[in-house]
Amino acid sequence: MNRTPQPELFTWEFATDPYPAYDWLREHSPVHWTVLPSGVEAWLVTRYADARQALADSRLSKNPAHHAQDARGKSRTGIPGERSANLMTHLLNIDPPDHTRLRRLVSKAFTPRRVAAFAPRVQELADSLIDAFAEKGSADLIHDFAFPLPIYAICDLLGVPPEDQDDFRDWAGMMIRHGGGPRGGVARSVKRIRTYLTELIHRKRADLGDDLISDLIRASDHGEHLTENEAAAMAFVILFAGFETTINLIGNSVHALFGDPAQRAVFQDAVERGDGAVLDGAVEELLRFDGPVELATWRYATEPLEIGGRAIREGDPVLVVLAAADRDPERFPEPGTLDLVRRDNQHLGYGHGIHYCLGAPLARLEGRTALETLFRRLPDLRPAVEPDDLRWRGGLIMRGLRTLPVEFAPESAAGRS
């Protein structure tokens with residue numbers, strides 16, 4: 001019987017378009033044991049039903065202490081640099097009851113009321129960033145727009161003073177640039193961020209404000225038992241999890257719309273008519289079609305279990321491939337087709353279960369505001385290079401473009417803000 005050979009995973013070609021390989025895995029090896037570029041061996045879960053089960057399975061711990069390799073001191077999982085910077089006690093690395101306690105504290109920053117109150121600031125950032133390049137007729141949409149928007153938004157959310165925000169932007173930029181390369185560059189940036197956050201927590205104790213770090217300090221002072229390490233780690237993971245996902249959501253979405261003129265016209269029409277329902281649905285479909293998070297963060301089996309008919313051993317790492325699950329034809333009709341008015345679009349782009357992304361409401365707000373503002377102010381926005389000339393950042397968890405050069409008529413920005 002003829003069988004398509006197994007595709008090679010985690011190459012640069014794979015990073016450009018992983019979806020054919022994920023199609024193969026879903027059909028032939030939906031729960032797949034593989035060796036990652038770091039040398040770590042792990043299971044890849046690619047079907048929607050299995051992915052949804054795994055994301056909510058309490059037997060799959062987020063705590064790296066359950067990784068079998070940790071006992072031998074060889075763990076190469078998690079965020080580079082977080083261990084040496086003493087930033088491990090955050091929501092991506094812990095289970096209940098600590099996860100429940102910390103999530104309850106941080107969730108106050110992401111209530112619908114607070115996110116809605118933040119909308120004018122996000123709009124202000126989007127317009128000011130476009131103002132900076134609108135007269136040039138060209139830009140790198142990643143560097144000039146998608147990258148700084150969430151950085152400055154998260155700095156405001158955390159309470160980083162304006163005079164320090166460019167430093168944060170530089171450190172975050174180093175994390176992005178080194179994301180697929182040497183871990184040392186990321187680790188140095190993480191240590192700088194750790195040092196700064198510790199100093200900022202001390203400064204804010206004497207001058208509390210209306211920001212997340214101040215809220216964490218207040219909670220600690222009122223008996224919620226939040227340690228300084230936990231506060232610094234929580235602030236760090238909100239930065240780490242919040243800025244690159246939004247960068248990729250903006251960049252991947254614009255790239256997808258460029259590649260489908262009919263759907264671009266649907267989006268542009270919704271922008272011109274101010275059709276919020278279509279725009280909200282479009283963001284969900286863009287998240288499903290080519291979302292910012294390719295694989296969910298690490299999980300480790302705390303006991304033997306079964307996923308998709310495969311036996312998972314205690315201590316095995318498990319990676320849920322969100323990008324594969326969200327193109328599962330068993331769940332989504334014509335999953336490889338972008339359909340901005342798709343109904344019943346319960347994608348897994350922000351996870352599922354108790355670890356569902358806490359910042360999803362803010363990320364959706366930033367993504368929709370950024371895309372709507374771009375196509376309203378620059379309606380003739382177009383790519384400045386061929387798709388084959390674009391390069392995707394290497395890495396395991398995130399999926400995003402290194403650059404996205406664009407062109408537009410400079411005068412098209414005048415009077416449209």
Any idea what the dipole of the chain comes to, in debye rounded to 20, about its Cα centre with Lys/Arg Cβ at +1 and Asp/Glu Cβ at -1? 1100 debye
For the chain, how many pairs of lysine residues have a Cα-Cα distance under 23 Å, where the two are 8 or more positions apart or belong to different chains? 6
Ranked from fewest to most other Cβ atoms within 10 Å of their own Cβ, 26, 342, 313 fall in the order 313, 342, 26
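Regarding the chain, what is the average projected area of its C-alpha convex hull, in nm²? Let's see the in-between values first.
Working: hull surface 82.2 nm².
About 20.5 nm², averaged over all directions.
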Exposure proxy ranking, count of Cβ atoms within 10 Å, fewest first, for 136, 191, 204: 136, 191, 204
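Computed over the Cα atoms of region 250-346, what is the ratio Rg over Rh, Rh following Kirkwood? Don't skip to the answer; put the middle values down first.
Values: Rg = 17.1 Å, Rh = 15.3 Å.
When Rh is taken as the Kirkwood radius, the ratio is 1.12.
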Charged-residue dipole, Cβ positions (Lys, Arg, Asp, Glu), region 227-297 about Cα centre, Debye nearest 20: 140 debye
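Give me 218, 104 sorted ascending by neighbouring Cβ count inside 10 Å, so fewest comes first.
Values: 218 15, 104 11.
Exposure proxy ranking, most exposed first: 104, 218.
Readers should treat all values here as calculations from the given coordinates under stated rules, not as data from a laboratory. All values reported here derive from a predicted model rather than from experimental measurement. We place every Cβ from the backbone using ideal geometry, glycine too, and count neighbours over all the protein chains shown.
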